[in-house]
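First comes the structure, then the notes that go with it.
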Amino acid sequence: MQLNADDGGKRKFIMVQLPEEINKNTDAYKNGFTNIADIGKERIRRAGEKIKAELKKREDPPKNPEDLDIGFKVFKLIGHI
């Protein structure tokens, strides 16, 4: 996402994360996260918003900050292989 913001590119990527459970004694669990995949989704959301905010501050951004694609899709594999 950062490279796309820097040069106006349209790169796409795939990330994979297993939904490993989080220990109930951690701060992440206390903040409502039950597995690592949930943490990953939140990190991607926050990173996208940060990149967009930084792009708005630039004097000559390569593209309109509102046009920057920071969205993503989540697919869940159900069942066992």
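No value in this document is a laboratory result; all are computed from the given coordinates. Bear in mind the structure is a predicted one, so any value in this text is a computation, not a measurement. In this analysis, Cβ positions are derived from the backbone assuming ideal geometry, glycine residues included, and neighbour counts consider all displayed protein chains.
The table for this structure:
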item	result
Selected residue (only one of Ile78, Ile70 is hydrophobic (A, V, I, L, M, F, W, C) and surrounded by 10 or more Cβ atoms within 10 Å (Cβ to Cβ))	Ile70
Inter-residue pairs, beta-carbon under 9 Å, first farther than 17 Å from Lys52 by Cβ and in region 1-27, second among the basic types (Lys, Arg) and assigned to a loop (DSSP other than H, G, I, E, B), 6+ apart	Pro19/Lys76
